[in-house]
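Novice: Okay, handing you the structure first.
The values are calculated or read from the model by the stated rules, or taken from the named source; none is laboratory data. Since the structure is predicted, the reported quantities are computational estimates derived from the model, not experimental observations. Here the Cβ is made from the backbone with ideal geometry for all residues, glycine too, and neighbour counts use every protein chain on show. Each accessible area value is taken on the protein alone, full model and side chains, heavy atoms only, with ligands, DNA and RNA left out. Shrake-Rupley method; radii C 1.70, N 1.55, O 1.52, S 1.80 Å.
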Amino acid sequence: MLSQPTDGSVIAFSAICTHQGWVVKPGGGEFDCPCHQSRFNGATGEVIDGPAPSPLKKIPVRVTNGVVLAGP
Ligand code: FES
């Protein structure tokens, strides 16, 4: 999952919920898990609410010529 909290700043997160591994979905500036309703901050991946015990895992990305690439 990609997030762009500010222009030119792209952050990637694993879409796997840290509770029981369902796939989270983006919406309203958050990532929400449809399984047990955990909610994650769309800019930081931190848990906002729910049973998820930890933030979404960050994935290193870089932007080159307007393309988001995985890796540092
Ligand atoms: S698997 Fe996401 S809240 Fe339970």
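Novice: From the set of residues in the range 1-46 that are farther than 20 Å from VAL68 by Cα and of a type in the set (Gly, Ala, Ser), which is nearest to the ligand (Cβ to nearest atom)?
Specialist: SER38
Novice: Six or more apart or on different chains, Cβ under 7 Å: which pairs go from a residue in the range 15-35 that's in contact (Cβ under 8 Å) with a residue 12 or more places away in the chain and within 21 Å of PRO5 (Cβ to Cβ) to one that's more than 6 Å from the ligand (Cβ to nearest atom) and among the hydroxyl-bearing types (Ser, Thr, Tyr)? Could you list them?
Specialist: THR18/SER54
Novice: Turning to a different aspect of this structure: State all residues of the range 36-57 that are farther than 15 Å from MET1 by Cα and hydroxyl-bearing (Ser, Thr, Tyr); if no residue qualifies, say none.
Specialist: Within the range 36-57, SER38, SER54 meet the criteria.
Novice: Another question, if that's okay. Every residue in the range 40-57 that is assigned to a strand (DSSP E or B) and either without any contact (Cβ under 8 Å) to a residue 12 or more places away in the chain or surrounded by 13 or more Cβ atoms within 10 Å (Cβ to Cβ) (or both), please.
Specialist: PHE40, ASN41, VAL47, ILE48
Novice: So, PRO72, is that one open to solvent by less than 70 Å² (accessible area, probe 1.4 Å) and in a loop (DSSP other than H, G, I, E, B) or not?
Specialist: no
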